[in-house]
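To keep things clear, I will list the structure first and then write my remarks on it.
The values are calculated or read from the model by the stated rules, or taken from the named source; none is laboratory data. If you're wondering where the values come from, they're calculated on a predicted model, not measured in any experiment. With ideal geometry, Cβ positions are generated from the backbone for all residues, glycine too; neighbour counts draw on all protein chains shown. Remember, those area values only see protein heavy atoms, side chains included, never the ligands or the DNA or RNA. Shrake-Rupley method; radii C 1.70, N 1.55, O 1.52, S 1.80 Å.
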Amino acid sequence: MEKKVLGIIGGVGPLATMLLGETIVYRTKAFSDQEHMHFIIDNDTSIPDRTAYILDHSKPNPLPVMVADAKKLAQAGADIICIPCNTAYRFYDGLQEGSPVPVLHMIQETAKKARLLNAKRVGVLGTIGTLTSNMYQAALIEEGIEPVVPNEAMQQDLMTVIYGYVKAGKKISKEQWQPFEAAMKKAGCDYIILGCTELSVVNRELSLDRNLYIDALIVLAECAITSCGYELLD
């Protein structure tokens, strides 16, 4: 397969963007600099908050900025685009329509990963914007999997982790994370999707159980690697 250049629309958030780049490097089967992927990161922190717009359309719309970034990356040589923000996929159709090159779909790929793991009942942790958009729920049902989402109180606590801790550059402890995991297990989930790339940062910091969690950012990294014609490291 011909090698392709990946373009990453970043800044959503900045730390998750850097984690995606790092994960791509670690998951690529390569033994020299020249065997690694060529990817271009546009860490555009000016992209308006996706959840804010989904909940209130009077807020700035992130789509025009993301489309402009996709065009900029394509002009710079990108053959494929990805964006490490689950909530951004609420705007996927418009982004793909405006992009000169294909855009990977992190949420659909993550649902496919759950099916490959023979998941039956999967908890989804993400922003209010992601969950109210029903994207993961629909994608999982399409794969024959029952989705489970947090109750309102738990969702508010999760938003505090995402915005009050990770986006603010603060770390959380395993003790602070444990109630989220316990609630999903109590709900009968055999897997838990980390459906927010800020939660992928939590995963890296806390080394969460790989036999329980499906990290959407890792799924996106692996999809980007194979889509660009490279092999995954075993």
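Laid out as a table, the results:
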| item | result |
| --- | --- |
| Qualifying position, being modelled with pLDDT of 95 or more and more than 20 Å from V12 (Cβ to Cβ), among D157, D215 | D157 |
| Listing of strands (runs of 3 or more DSSP E) fully contained in segment 122-234 that carry 1 or more residues being among the hydroxyl-bearing types (S, T, Y), within 26 Å of Y92 (Cα to Cα) and open to solvent by 10 Å² or more (accessible area, probe 1.4 Å) | 191-194, 213-215 |
| Counted residues, segment 146-171 - those being β-branched (V, I, T) and farther than 23 Å from Y191 by Cβ | 1 |
| Spans of strands (runs of 3 or more DSSP E) in segment 1-103 with at least 3 residues touching a Leu at 6+ places or on another chain (Cβ under 7 Å) and within 22 Å of L233 (Cα to Cα) | 80-82 |
